[in-house]
């Protein structure tokens, strides 16, 4: 089930959340959005398109919408027994609700808007996803342009200004029609410049050593014209021998079992360690990216680690062979 705090996230984040859950699980039974009447009217087209049920909260108070979402979440967890619960909000006030839903046997995942979610909020969930805000409903359903939104009289006035502006651009300026200044009758006789002194010959290198070219020989070269030389650009400095940092999207593929065991020593004895504790240790050791999925990381290492669900735990398979 997907429960959305519509007062906290933007419209396009809600749409991305629904499509992401459908792409991962193939179905989404409960879709509810909790919001004020103003937000419900503003996003009614989005709710219809996503098949989402808006639950309008008329009570006054800062956290009244959050309390309504929490009450319904526990009611649904007891009555409907969902396997996975998604809470779409960047608010950290839902941490007690996440713990209670996990005690009911649910896997609780969070979806938030990037830039609004703190690290303590991500740590409360079994899995957390940050979505980038891309412009809201205006990007999904663009409205009329600024020119179309003008009244007819304003559009006619703007159309008349275009030919006048084009004619003004074609007129020659005062500088262009000014009379040219006549050249003097006799041109000045150019004075030949003295020939440049030849650079001193380099000193002979001692026996057994190779002579080094002078700096002037490295930077200048003759162009074939008397008295003129050009300066070559210095060769670019070689880049430092530093290994490139792996991109966040490929970081999981570069991690091996030894790096995970070094970051989480508790796994070496074969004990089952909570997934949240393992993910925090991997992020602290910079083995796992800040927004990377720990579940996907262990799914790529099935021969070394086993993922145990409800609640999620990780066990190292190599401990049995020692």
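Can you spot a residue in segment 66-85 that is under 20 Å from residue 132 (Cα atoms) and crowded, with 19+ Cβ neighbours inside 10 Å?
No, segment 66-85 contains no residue that is under 20 Å from residue 132 (Cα atoms) and crowded, with 19+ Cβ neighbours inside 10 Å.
Here are the criteria: (1) assigned to a loop (DSSP other than H, G, I, E, B); (2) surrounded by 10 or more Cβ atoms within 10 Å (Cβ to Cβ); (3) at pLDDT 70 or above. Tell me which single one residue 246 does not satisfy.
(3)
Across segment 293-320, what is the number of residues that are surrounded by fewer than 18 Cβ atoms within 10 Å (Cβ to Cβ) and assigned to a loop (DSSP other than H, G, I, E, B)?
9
Residue 272 is checked against (1) touching a helix residue (DSSP H, G or I) at 6+ places or on another chain (Cβ under 8 Å); (2) closer than 25 Å to residue 102 by Cβ; (3) at pLDDT 85 or above and fails just one. What number does that condition carry?
(1)
Could you figure out which of (1) outside any strand (DSSP E or B); (2) in contact (Cβ under 8 Å) with a residue 60 or more places away in the chain isn't true of residue 129?
Of the numbered conditions (1) outside any strand (DSSP E or B); (2) in contact (Cβ under 8 Å) with a residue 60 or more places away in the chain, the odd one out for residue 129 is (1).
The values are calculated or read from the model by the stated rules, or taken from the named source; none is laboratory data. The structure displayed is predicted, hence computed values, not measured ones. All Cβ positions, glycine included, derive from the backbone under ideal geometry; neighbour counts span all protein chains shown.
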